[in-house]
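The values are calculated or read from the model by the stated rules, or taken from the named source; none is laboratory data. These numbers come from a predicted model, not from an experiment. Methodologically, a virtual Cβ is constructed for each residue, glycine included, from the backbone with ideal geometry; neighbour enumeration extends over all protein chains shown.
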Amino acid sequence: MNAPSNVETALPCRATAHSNIALVKYWGKRVGTDPDLNLPAVGSLSMTLGALRSVTEIHPDSSDSFTLDGATIEGLAATKVYAHLDRVARLAGCSSRPPCRVVSTNHLPTAAGLASSASGFAALTVAAAGAFGLTLDFDLDADPGEGEGEGEGDLRARLSAWARQGSGSAARSLWGGFVRLDAGSAEDGADCLARPIYAADHWPLKLLVVHTARGAKAVGSTGGMEASRLSSPYYPAWVETSLADIDTADAALGARDFAALGAVMEHSCFKMHACMLATQPPLMYWNGATLEVIREVWRIRAAGGPVGYVTSDAGPHVKVLCLAPQADQLAASLAAVPGVHEVQAVAPGPDASLERIES
């Protein structure tokens with residue numbers, strides 16, 4: 001894959017990437033490495049979500065600008081977007097980066113614990129690669145290593161690593177279905193790669209996204225991770241036990257063992273939140289409705305009703321994994337819990353995609 005030595009104007013492109021939810025969690029950054037690599041302290045295993053996505057367009061312009069959901073964005077958020085454009089242009093081999101107008105739309109709540117940064121930075125990465133002369137005809141469905149030379153799968157893995165530098169969870173949103181991100185140990189991050197393990201149609205599962213609040217969360221994930229690393233006495237155990245959880249979940253997915261997958265998913269979730277709660281000061285992302293939804297899932301399961309297993313990221317919302325035929329019944333029960341605003345039933349989603357925009 002060879003990029004032009006210089007791209008005078010950005011090529012108009014549109015990319016779509018879907019959010020993902022880690023069934024086995026990621027929390028914490030690796031220390032002692034280049035911060036720009038944004039390497040995770042632990043690996044993770046996720047499900048890409050069909051309905052929750054970000055769409056990003058890049059257009060040539062006379063100066064940089066960033067619009068999100070119709071609003072002009074400035075300050076730190078815009079600076080991070082422009083820095084990522086610089087990063088992708090540099091990694092793509094461009095001698096200089098042309099100015100870009102970035103227009104993004106999140107089809108999910110932003111900064112609310114629903115991985116909008118994952119879909120957002122994945123879409124930005126793919127769109128930027130296309131805008132700077134790369135991957136306008138790449139096939140994201142190709143198998144890793146397919147073909148001669150640098151296969152399309154190798155290119156996709158490279159884009160995944162670039163996306164990780166913008167947001168740790170964005171690495172997983174290059175693929176649909178179920179994705180594994182290995183933490184690796186190389187200082188340059190060469191072995192910290194996301195890879196698809198099972199396609200979206202591997203197993204008819206659904207994830208119920210139970211919204212228990214509106215608006216952005218008070219403490220961002222990046223700051224929360226660092227606070228946990230520095231002050232939580234449970235953080236070392238969290239890191240040490242993560243790989244075993246990923247391997248267990250990977251095997252359970254392969255065997256379509258729902259009970260085993262659900263058990264390790266809940267275990268990973270509550271270990272992470274225990275680590276958060278032991279942080280100084282404590283990180284409490286949940287509200288009262290969060291706890292009531294968790295209790296209701298457990299009550300229904302114990303009573304012999306539709307079986308669901310819970311997980312929750314750094315935010316107040318609850319995600320409930322269930323078998324697709326039971327999704328509607330379980331969703332109706334959870335929608336009746338006081339404090340619940342909405343319940344979305346989401347199937348596994350597709351790979352990220354890229355298209356040229358006709359100027």
- Return the residue satisfying two criteria in turn: it lies in the stretch 286-316 and is part of a loop (DSSP other than H, G, I, E, B) and at pLDDT 95 or above, and of such residues it is nearest to L261 (Cα to Cα). V307
- Task: Assess whether T67 counts as being of a type in the set (S, T, Y) and more than 16 Å from the chain's Cα centre (by Cα).
- Result: yes
- Task: Would you mind stating whether G262 is loosely packed, with under 15 Cβ neighbours inside 10 Å and either in a helix (DSSP H, G or I) or modelled with pLDDT of 95 or more (or both)?
- Result: no
- Task: Would you check which residues across the stretch 226-247 are in a helix (DSSP H, G or I) and free of Cβ contacts under 8 Å to residues at least 60 places away in the same chain and list them?
- Result: A227, L230, S231, P236, A237, E240, T241, A244, D247
